[in-house]
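Below is one structure, written out as structure tokens; comments come after it.
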Amino acid sequence: MKKISVLFLCCIFGVLTGYAQVLPQQKPRLDEDMDKLLKSFYAISNFYVDNTDNKKIVEDAIVGMLEKLDPHSNYSDAEETKDLNEPLESNFDGIGIQFNMLTDTVYVIQVISGGPSEKVGLLAGDRIIFVDDTLIAGVKMKNTDVMKRLRGPKDTEVSVKVKRIGINDLLTFKIIRGKIPIFSMDAAYMADKTTGYIRLSRFAISSTKEFSEALEKLKKQGMENLILDLQNNGGGYLHIAYELADEFLDKDKLIVYTQGRRQPRENALATERGGFEKGRLIIMVDEFSASASEIVSGAVQDWDRGIILGRRTFGKGLVQKPILLPDGSMIRLTVARYYTPCGRNIQKPYNNGITEYNRDLIERYNRGELMSADSIHFPDSSKFSTLLSKRTVYGGGGIMPDVFIPLDSTRYTDFHRKISGAGMINMVSMNYIDQNRKPLNKKYPDITSFKKNFNVPSETLDELLQLAKKENIAFDEEQYEKSKHLITLQIKALIARDLFDMSEYYQIMNDENSSLKEALRIINDPVAYHKILGKE
């Protein structure tokens, strides 16, 4: 047997012997099971007809064990472990996505705001099928191999084909790799005279500091009420979620608690540091708001501190503990569930296996849940009451918002998806900026003047149609007219982003954000706001 194999077996035997000492009542069974595992590995390593890759056998065994547990326990080798942490900790060159390999398919968890993928229209929930005409779905490709294909030097191009919910054909995106920003805050600005708007894309190391600084800046501009946008926020560091929820809750109020079979209950309590414990608060969420986003939303909802508005969140209520292995690889093992202050575990069911679990968002779409709240049904056993107003809230599958906002699909067409996926909207925006940057800077010194007075030239739209024709995207006049306003808005927003910053991009795009429009209506109507919270 190879030296590394003996060392590995000794390490595993030592670890499990230690567990057996901690759990003496299970020691005989552990010894029997461990003996079976060791003998199987020894037999394969020494007697199999061909040479074996012992490292791969061990890694495959670990992966196989974890796959039988739950959808979020997983293994990453040393290189994957390093790469998976980068979006939350540092800058790197790439296309700007976070992903998981789910049922042998690259599933986009989050599109990093300001990155190349966000610019061309890649969305959370997309499944990447091809990279530069190489099939990567269903071929058991390792995360590291996928990353090598997606990453590369800045300014190089990669083409990806993705499967998107509700669309039959694959969408093609041409992405120019670039520097991925570390900032987690997309936007912070005054949505009206008394209402601040903050959009957070993920819960990164820097998020608490970014949020606190934005909060103070908006207060100086007259902010009395706040809209926090967590749409498409797939989560991140849980302790950052605790810190963000602490901004809204009074001292000693429970934010969340975790508990598992071998994990005693641990409470996370608010401190006295809250920067926005008074004033009307609305948190915007959708089906891609997950994990840390759900902790913040659940705490605010349970304490009747603010209104949750949007669509039912993803439903991830499992806590993973990172277990570093000697070679730099890592197991992320589910050790507990987290519960909102009123006792809700909002983890969606996974009893039917990972495949069905991963189809949940597709099934929500098929059931019409994203279009109508009437399509959402919770069992009586999942009913809970908020802690102050005693309003009914639900567990067992995400945070159900207090105010439902249907998915807006009226402006999206196949023609729009194709030109957006090919990067054409971004391309014509960049072309316009390159040719007109100096006069634009002179004519529009700030976002207010730009937003009010700038109109996308018809020549830019003509250029877009010519690009589509050149790429053999068939022109459909009816679809074009249906999506024309959205296309024009996106071009204007992209130009604003290049002239100013990402916050200005959202100031333009949010003019057509149905969730934000309703949030502003409610937050500026104290009677309606307090009625929703049961504080009439």
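The values are calculated or read from the model by the stated rules, or taken from the named source; none is laboratory data. Because the structure is predicted, anything quoted here is derived from the model rather than measured. Note: ideal-geometry Cβ built from the backbone for every residue, glycine included; neighbour counts use all protein chains shown. Note: accessible area is taken over every heavy atom of the protein model, side chains too, but ligands, DNA and RNA are not part of it. Shrake-Rupley method; radii C 1.70, N 1.55, O 1.52, S 1.80 Å.
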Check: Which of the residues spanning the stretch 148-172 are closer than 25 Å to K82 by Cα, of a type outside the set (D, E, K, R) and open to solvent by 60 Å² or more (accessible area, probe 1.4 Å)?
Finding: P153
Margin query: Checking the condition among the aliphatic types (A, V, I, L, M), surrounded by fewer than 24 Cβ atoms within 10 Å (Cβ to Cβ) and closer than 30 Å to L218 by Cα, which residue from L325, L281, L361, L318 passes?
Written below: L281
Next item on the list: Would you check which residues across the stretch 173-205 are at pLDDT below 95 and open to solvent by 40 Å² or more (accessible area, probe 1.4 Å) and list them?
Entry: K174, I176, K179, I182, F183, I205
Notebook entry, point to check: Within the set of pairs 6 or more residues apart or between chains, which connect a residue that is outside any helix (DSSP H, G or I) inside the stretch 145-164 to a residue that is among the aromatic types (F, W, Y) with Cβ atoms less than 6 Å apart?
Noted result: V160/F173; K161/F130
Margin query: Please go through the stretch 105-145 and give me each residue that is surrounded by 19 or more Cβ atoms within 10 Å (Cβ to Cβ), of a type in the set (V, I, T) and farther than 30 Å from F500 by Cα, ordered by number.
Written below: V106, I128, V131, I136
Item checked: Unmet criterion (only one of (1) at pLDDT below 95; (2) under 30 Å from S201 (Cα atoms); (3) open to solvent by 70 Å² or more (accessible area, probe 1.4 Å)) for F475 -> (2)
Check: Of the residues that sit in the stretch 215-239 and are at pLDDT 95 or above and part of a helix (DSSP H, G or I), which one is surrounded by the fewest Cβ atoms within 10 Å (Cβ to Cβ)?
Finding: K220
Check: For the stretch 385-424, what are the residues that are at pLDDT below 85, open to solvent by 50 Å² or more (accessible area, probe 1.4 Å) and touching a strand residue (DSSP E or B) at 6+ places or on another chain (Cβ under 9 Å)?
Finding: none
Item checked: Test set (1) in a loop (DSSP other than H, G, I, E, B); (2) more than 26 Å from G397 (Cα to Cα); (3) touching a residue at least 24 places away in the same chain (Cβ under 8 Å) - F211 fails condition number -> (1)
Notebook entry, point to check: Which ones in the stretch 213-225 are out of contact with any helix residue (DSSP H, G or I) (no Cβ under 9 Å at 6 or more places or on another chain) and polar (S, T, N, Q)?
Noted result: Q221
Next item on the list: Test P349 against the stated conditions and say whether it is part of a loop (DSSP other than H, G, I, E, B), within 30 Å of F99 (Cβ to Cβ), touching a residue at least 24 places away in the same chain (Cβ under 8 Å) and not hydrophobic (A, V, I, L, M, F, W, C).
Entry: yes
Check: Restricting the search to the stretch 364-384, which residues are surrounded by fewer than 17 Cβ atoms within 10 Å (Cβ to Cβ), assigned to a loop (DSSP other than H, G, I, E, B) and touching a residue at least 12 places away in the same chain (Cβ under 8 Å)?
Finding: M371, S372, F378, P379
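Go through the stretch 446-496 and report how many residues are in a helix (DSSP H, G or I) and in contact (Cβ under 8 Å) with a residue 40 or more places away in the chain.
18
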Margin query: Given the criterion charged (D, E, K, R) and surrounded by 14 or more Cβ atoms within 10 Å (Cβ to Cβ), identify the matching residue among D252, D286.
Written below: D286
Next item on the list: Evaluate the following for L244: is it in contact (Cβ under 8 Å) with a residue 40 or more places away in the chain, part of a helix (DSSP H, G or I), of a type outside the set (V, I, T) and within 26 Å of Y529 (Cβ to Cβ)?
Entry: yes
Item checked: First in the stretch 515-527 and more than 15 Å from K193 (Cβ to Cβ), second anywhere and in a helix (DSSP H, G or I), Cβ under 6 Å, 6 or more apart -> L516/N510; I522/A528; I522/Y529
Margin query: Just to check your reading of the model, which residue among K470, K438 is open to solvent by 80 Å² or more (accessible area, probe 1.4 Å), within 29 Å of A188 (Cβ to Cβ) and not small (G, A, S)?
Written below: K438
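Quick grid of which residues meet (1) closer than 21 Å to L226 by Cα; (2) touching a strand residue (DSSP E or B) at 6+ places or on another chain (Cβ under 9 Å); (3) outside any helix (DSSP H, G or I); (4) of a type in the set (S, T, N, Q):
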residue	(1), (2), (3), (4)
D498	no, no, no, no
S503	yes, yes, no, yes
K517	yes, no, no, no
L520	yes, yes, no, no
H530	yes, no, no, no
Checklist line | Set I255, I282: member being in contact with a Gly (Cβ under 7 Å, 6 or more places away or on another chain), of a type in the set (V, I, T) and not in a helix (DSSP H, G or I) | finding: I282
Checklist line | Checking H377 against (1) at pLDDT 85 or above; (2) over 22 Å from the mean Cα position of the chain (by Cα), the condition it does not meet | finding: (1)
